[in-house]
Amino acid sequence: MTVKENFENAKQQYEKWGINVEDVLKKLKNVPISIHCWQGDDIGGFEVNQQELSGGIDVTGNYPGKATNPKELRSDLEKALSLIPGKHRVNLHAIYAETEGEVVDRDAIKPQHFENWVNWAKKNGLGLDFNPTLFSHPKADDGLTLAHPNKEIRDFWIRHTVASRKIAEYFGKELGTSTLTNIWIPDGYKDIPSDRLTPRKRLKESLDEIFSVEIDEKYNVDAVESKLFGIGSEAYVVGSHEFYMGYALKNNKLLLLDSGHYHPTEVISNKISSMLLYSDELALHVSRPVRWDSDHVVILDDELREIGLEIVRNDALDKVRIGLDFFDASINRIAAWTIGTRNMIKALLYAMLTPNDYLKQLQEDGNFTERLALMEELKTYPFGAIWDYYCEQMGVPVGESWLDEVKSYEETVLSKRN
C-alpha cells in the first residue's frame, strides 16, 4: 500500500477515540525544536584563540567530516534541516562568533560578530537561541566562573553574560521571534566542600547583577540551567536544581530542565507538571544520559515519549521551549541531528495521537485497569503510518530513506574535509 493508503487506514483507528488526525498534523508543524549547533563541530567553536574543551564537558569519537568553520557548520545544519519536518530554531553558543581573524575576548563580543548567523537564519526562516560560554577558557580553568572568589574573574564572566543577552536581544529584533538565552556554568568542587553557602551567595549576586541590565523581554527570554555534577565537580555543584528553581521562580526567569542533569533514576518528565503550576513558561534540553550526563543522541525511548506526553496532555505546547543537547563524535554528525530531532517530533506526535482526556477521566474515576490496558494497547497503534504521511506532506524523506541523503552528503562533502 502507498503512504497515503496506510495513513487513511491508521487514521480510522485514531479517529474512533475522537482524535482529528489532520488537525494534529497542522498543530505539529507549528512546534519548533531548538537544534543545538554544537553537535556539528564537537563544541569547538570558532574563536581565533580556540581553547581545549573543558568545564566538565567531553566529546568522544573522531568520525570524519567535522565542521571546521562557520560556513561548513551552516551547510551541515541546512542538510540536517532538509531531512527534518517542520520549521525549527538553531541554538548557538557564544564561541560561534565570527570575528574576522581578530582576537575578541568573550566579555567583548557584540551583535556584529553574529551578523552572518542572523542573515543565514533570515534566509532559512529560522529562529535563533543563545548561550553564553562559561567554559573552555583560561578564566574558567579552575572550574569556577560566576561563583569565583576572585572578583575580577567574576566580573569578567558577568560582562560576558550581559554581552550575550544583548546579542540575543539583537537576534530577537532581527528575526521577529524571542530568543532564549540560557545560562549554564560548570562551577563546583571535585571533593567535599567545607562551605556550600558562600559560593551560592556569590552566584546569586552575580546573577542579580547580570539581570539588573535591562534587556527587552519581547526579544530575549532568560533561562537558568542546573546540573547534578560534572567532571571535576563530582562532589558539589554551585548551581544545583534547588538553587536555580528557587532563583527562577523568585526572579521571574525560566528554569531549564536538562534530562541528563539529574540522578540516574530521576526524570524531567516528572518535573514538568509541577513547574508549570508555578511558572508561565519552561525550557528543556532533551538529551539521553546513558550513564549520568553522557549526552547521547535522543532516541524514542520511554522517557522521551513521557516528555512528549507531559507537554501535550497538559496543553503546554506554547509554554515549553524544547531544545536538544547531545553530542556524539563517533557517528555521522548530520545523522545525529536528524535522528535526535525527528525523534523529538515523533514523541510529540505520539502524544498528540493519544486520547489524553479519556485517559485522564479514567484516572479520575479510579478505573486504573482500563487506564493501564489502553495506555499499553496504544503503544502498538499504527503511529508509524501517521508519521510517514506527515514526513511526505512536509517534503522530507519518509522512513529511513533520509539516511541515503546523509550517505551521499558524506561522500560528496564531508569526506573532502581535513
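Computed from the coordinates by the stated procedures, all read-outs in this text should not be read as laboratory data. The structure displayed is predicted, hence computed values, not measured ones. Here Cβ is always computed from backbone atoms with ideal geometry, including for glycine, and neighbour counts include all displayed protein chains.
Quick rundown of the values:
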| quantity | calculated |
| --- | --- |
| Normalised contact order of the chain, rounded percent, pairs of Cα under 8 Å and 6 or more residues apart | 20 |
| Contour minus Cα-Cα distance for Asp365 and Ile192 (0.36 nm per residue) | 57.4 nm |
| Relative exposure of Thr265, Thr68, judged by other C-beta atoms within 10 Å (fewest first) | Thr265, Thr68 |
| Ranked packing of 156-167, 4-15, most packed first, by mean Cβ within 10 Å | 156-167, 4-15 |
| Relative contact order of the range 215-261, pairs being alpha-carbon contacts under 8 Å that are 6 or more residues apart, as % | 45 |
| Qualifying aspartates and glutamates (Cα of each under 19 Å from Cα of Lys11; at least 8 residues distant if same chain) | Glu22, Asp23, Asp357, Glu376, Glu377, Asp388, Glu392 |
| Within the range 119-245, percent of DSSP bridges classed antiparallel, to nearest 5 | 35 |
| Antiparallel %, DSSP beta bridges [both residues in the range 32-352], to 5 | 15 |
| Listed peptides 189-201, 247-259, 293-305 by packing density, highest first (mean Cβ within 10 Å) | 247-259, 293-305, 189-201 |
| Extended-chain gain in nm, criterion 0.36 nm per residue less alpha-carbon gap, Leu403 and Asp302 | 34.0 nm |
| Hz values of 3J(HN,Hα) by residue in the range 252-258 - Karplus curve (6.51, -1.76, 1.60), Gly and Pro given as x | 6, 10, 7, 8, 9, 9, 9 |
| Nitroxide proxy distance, nm - points 7 Å out along Cα→Cβ at Glu78 and Asn251 | 3.9 |
| Charge dipole (debye, nearest 20) of the chain; +1 at Cβ of Lys and Arg, -1 at Cβ of Asp and Glu | 480 |
| Entries in Lys4/Lys26; Lys123/Lys166; Lys29/Lys253; Lys79/Lys319; Lys79/Lys123 that, when Cα-Cα distance is taken, lie over 19 Å | Lys123/Lys166; Lys29/Lys253; Lys79/Lys319 |
| Calculated [θ] (222 nm, deg cm²/dmol) that DSSP helices of n ≥ 4 give over the chain, each run adding -39,500 (n - 2.57) | -13500 deg cm²/dmol |
